[in-house]
Amino acid sequence: MLLPLQCFRFASLPLSAPWKTLRMPITRSSSRSLATKAQSSNSQLNPASAPSFDASESEVPASARKKRVRRAVEINGEKTKKEVSDQRLDGLPDIEEFAYNKVKESTAKKISIVEPPENWEVVLEGIKEMRCSADAPVDTKGCEKAGSLLPPRERRFAVLVSSLLSSQTKDEVTHGAVQRLSEKGLLDADAIVRTDEGTIAKLIYPVGFYQRKAQYMKKVAQICLEKYEGDIPSSLDGLLALPGVGPKMAHLVMIIGWDNVQGICVDTHVHRISNRLGWVFRPGTRQKTLTPEETRVSLQTWLPKDEWAPINPLLVGFGQTVCTPLRPKCGICGINKLCPSAFKESSSPNSKSKKPNKSKRS
């Protein structure tokens, strides 16, 4: 059946034509597949659902359409590579697999065979020697010190609350907030549930994101009351399911609250120092890790498990006193000859901009 002449005129319309989208004549349906014929017959019954025709699509040359196809293939190829990369990352030995999936345990151990960094034992002993004085804030005001005089059940909840407050907050500030909560009897799940959110927010101020953390405290306390009779979850998965609790907090609470080492607690200090020492790398590369969680996975591939629990307070204190974020004190560091980053970050990034401009002096 011959098509009307109007059908062939659409392809010759310029892109600037005022009518780019037109209704397809029903007679066009005779050249379509059976499925399209059924759709066209339905559109005759219901004109509002009739398919539209975009003239701009028919104007694209065949060569351009082929380029689009090649481009789509390339994009899909990139996605495939990314998925493979993600699978490799997931395949690295995560401590949760050791704890909760015995089927994958043997596979994870095979993958975890990684050559430890050179001289890591000497470096670790050097850091321990520098930390003998225990003069860092973490030694007296860290999360693990919360509720140290309380019975085990109450202490676990206090450590959980302290960990929740510690995110993006200095140990001294977190310690002060926990002290104020303790004075008001608010290191107990039932008491927190019965206290209004505004009161809690005022007590924990000025911890970072104090209002949001007050909300999390209320929710966590409610869950602990309903599901654990006022105690805290005894599994890593249970802790990670709580609002506002991430891997760093969960591993710390498991170690302190339950004396169960499920993984390394990696915060900003452990993340920074591990990269400065060249102890961790992104999967399959020699590049620095980008997140604390990547650092945790990388460390656990070679660091002996008996070092997993003490490595956090050790490196946190080292980061608070010697290997500081800005202007690390490499001159007094006992391992500066073994550190690949020694004296390379000895000044603040903004120090140059603070120098006086000689041309403006009077």
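The values are calculated or read from the model by the stated rules, or taken from the named source; none is laboratory data. All of these numbers come straight from a predicted model, not from anything done at the bench. Cβ: placed from backbone, ideal geometry, glycine included. Neighbour counts: every protein chain shown. Protein only, heavy atoms only, side chains kept; ligands, DNA and RNA dropped before computing areas. Shrake-Rupley method; radii C 1.70, N 1.55, O 1.52, S 1.80 Å.
In what sequence, highest mean first, do 293-301, 206-214 appear when ranked by Cβ atoms within 10 angstrom?
My ranking of the peptides, most packed first, is 293-301, 206-214.
In Å², what does the accessible area per residue of the range 209-253 work out to with a 1.4 Å probe?
46
Please go through the residue pairs K128/K184; K128/K344; K145/K202; K141/K213; K219/K288; K141/K219 and name each one whose alpha carbons sit more than 30 Å apart in this structure.
The pairs that break the limit, which is 30 Å between Cα atoms, are K128/K184; K219/K288.
D135 to E229: extension gain in nm, 0.36 nm per residue of separation minus the Cα-Cα distance?
Length gained between D135 and E229: 30.1 nm.
Name the residue from T199, L187, L150 whose Cα lies farthest towards the positive end of the charge dipole of the range 128-201, charges +1 on Cβ of Lys and Arg and -1 on Cβ of Asp and Glu.
The listed residue farthest towards the positive side: L150.
Distance in nm between label sites at W302 and D259, each 7 Å beyond Cα in the beta-carbon direction?
Roughly 3.2 nm, to one decimal.
Mind giving me the nanometre distance, one decimal, between the label points for T285 and K202, set 7 Å out from Cα along Cα→Cβ?
So the label points at T285 and K202 sit 4.9 nm apart.
Taking the alpha-carbon centroid of each part, what is the distance from the range 140-199 to the range 249-284 in angstrom?
What the calculation gives is 22 Å, centre to centre.
Packing-wise, with mean Cβ within 10 Å as the measure, how do 227-233, 171-177 rank, highest first?
Ranking, from highest mean packing down: 171-177, 227-233.
Give me the extension gain from K329 to D190: residue separation times 0.36 nm, minus the current Cα-Cα distance, reported in nm with one decimal.
45.5 nm
To the nearest 10 Å², what's S148's accessible area with a 1.4 Å probe?
70
So how do S235, S274, S182 rank on accessible area, 1.4 Å probe, biggest first, that is with the largest at the start?
S182, S235, S274
Test of understanding: what is the full-extension gain from L338 to E125, defined as 0.36 nm times their sequence separation minus their Cα-Cα distance?
75.5 nm
Quickly rank 246-256, 279-289 as a protection proxy: mean count of other C-beta atoms within 10 Å, highest first.
Ranking the peptides 246-256, 279-289 by packing returns 246-256, 279-289.
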